[in-house]
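Any read-out appearing in this document is the output of simple, stated calculations on the displayed coordinates, not a laboratory observation. No experiment lies behind these values; they were computed from the predicted model shown. Cβ atoms come from the backbone with ideal geometry, glycine included; neighbour counts cover every protein chain shown.
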Amino acid sequence: MRDPKRAVSVRAPGRVNLIGDHTDYQDGFCLPLAIDREVVVHASVDDGTGVVTHSPGFATDVADSIVAALRERGYDVAPADVDVQSTVPAGSGLSSSAAFSVAVALALSTLADRPLAGNELALTAQRAEHIAGVPCGVMDQMASVHGRAGHALLLDCRSLDVRPVPLPPDLAIVVVHSGLPRALAGSAYAERRAACEAAARRLGLATLRDASLAQVADDPFARHVVSENARVLRFVDALERRDTGELGALLDASHESLARDFQVSTPELDVLCEALRAEGAIGARLTGAGFGGCVVALAPTADAPSIAAQAADRYRAATHREPNAFVVAASDGASILEH
Ligand code: GLA
């Protein structure tokens, strides 16, 4: 039987990364924001034998991993019934799985009367992904936890410091899904990660965070990481100065670096970024792990819906793929709705 006194509802948002990809697992910088698409979880203690999730579109072994990650932190996880609903498109690179892990970890820890919060919550959700065999960094979970309406988040993935950076209201964030499933994402992600770790080892460094551009000049993978970290900091500076030209140039340079140096783009993602620029976006880049999924662009707020629609038409005509374009709003991070 369910005990109504031992029930909780929570929400956790997906994210899009404005700039700084494939830097988080090298202790670097990134600039994600939580978006207005979220996972909502209703969980209640019951007299069953374990945690049972009803979660269309989400693998239940991830829920087992969340329970395991909580137990590692000393949580006594009671049998519970967990109902999951989501408006984050699954498998699109908008971190539906991080939102799921953050929401379930928050719900189960709240039922155990010790609600996880802040970096502890993000690290527990990341640990669950690692237990499930996904070697991700910490960006997605940190964005889902620390999101702030109207702001992007400058994350220092070494110190885990978070600095909210206000987004100018006259610029809209356009996200377009390429219609291309991220087929290679898992294996290629692990390969890129290993290549970065090897590059750091060769330099006698723990991670590439402290490498200089000169040190990695001949290694395209490491060169991407080091140059991308610098772009993130310049982007934050340009946001604060409202330097639209510089923001666009940095987005385009990030895409170029991810495509040519880090080799995680596809012809479709390149065409989609080009289409957005041609229709009036100030800059565009692939976002997240790459190999399909979404691109992100900045566009003047008043023109954003038409730029998104026209770029989608242009892309559809060129690739015969079905894109999905939408404008996202920067939103608050995970929270308890009812307990
Ligand atoms: C995925 C991972 C993140 C990050 C990005 C690339 O989204 O989950 O940790 O590494 O790829 O920036």
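What FRET efficiency would be calculated for the residue pair A206, D81, taking the C-beta separation as r and a Förster radius of 51 Å, to the nearest 0.05? The calculated FRET efficiency here is 0.75. Taking Cα atoms only, the orientation of helix 60-72 departs from the longest principal axis of the chain by about 70 degrees. Over segment 99-184, Cα pairs under 8 Å with separation of 6+ residues give a relative contact order of 20 percent. Protection proxy ranking of 138-144, 162-168, by the mean of other Cβ atoms within 10 Å over each peptide's residues and highest first, is 138-144, 162-168. Does the chain come out rounded, prolate or oblate, given a ≥ b ≥ c as the square roots of the eigenvalues of its C-alpha gyration tensor, rounded meaning a/c under 1.5 and, failing that, prolate meaning a/b above b/c? Because a/c hits 1.5 or more and a/b exceeds b/c, the chain counts as prolate. Each label point was placed 7 Å from the Cα along the Cα-to-Cβ direction; for D61 and R114 their separation is 2.8 nm. Computed from point charges on the beta carbon alone (+1 for Lys and Arg, -1 for Asp and Glu), the dipole magnitude for the chain about its Cα centre is near 200 Debye. Roughly how many nanometres apart are two label points built 7 Å out from the Cα toward the Cβ at S306 and A198? Going by the 7 Å Cα→Cβ label model, 5.1 nm. For segment 277-339 versus segment 190-264, the inter-centroid distance based on Cα atoms is 22 Å. Helix 185-202 and the longest principal axis of the C-alpha atoms of the chain enclose an angle of approximately 70°.
Cβ crowding within 10 Å, taken as a proxy for footprinting-reagent exposure, orders T287, T87, T49 from fewest neighbours to most as T49, T87, T287. The relative contact order of the chain comes to 25 percent, based on Cα pairs under 8 Å that sit 6 or more residues apart. Within the listed set V264, V52, V295, the residue fluctuating most in the Gaussian network model of the chain (springs between alpha-carbon atoms under 10 angstrom) is V52.
When the Cα positions of V102, C157, A117 are compared along the charge dipole of segment 43-191, C157 comes out farthest toward the positive end, with charges on each C-beta of Lys, Arg, Asp and Glu.
For segment 189-339, the relative contact order comes to 14 percent (Cα pairs under 8 Å, sequence separation of at least 6).
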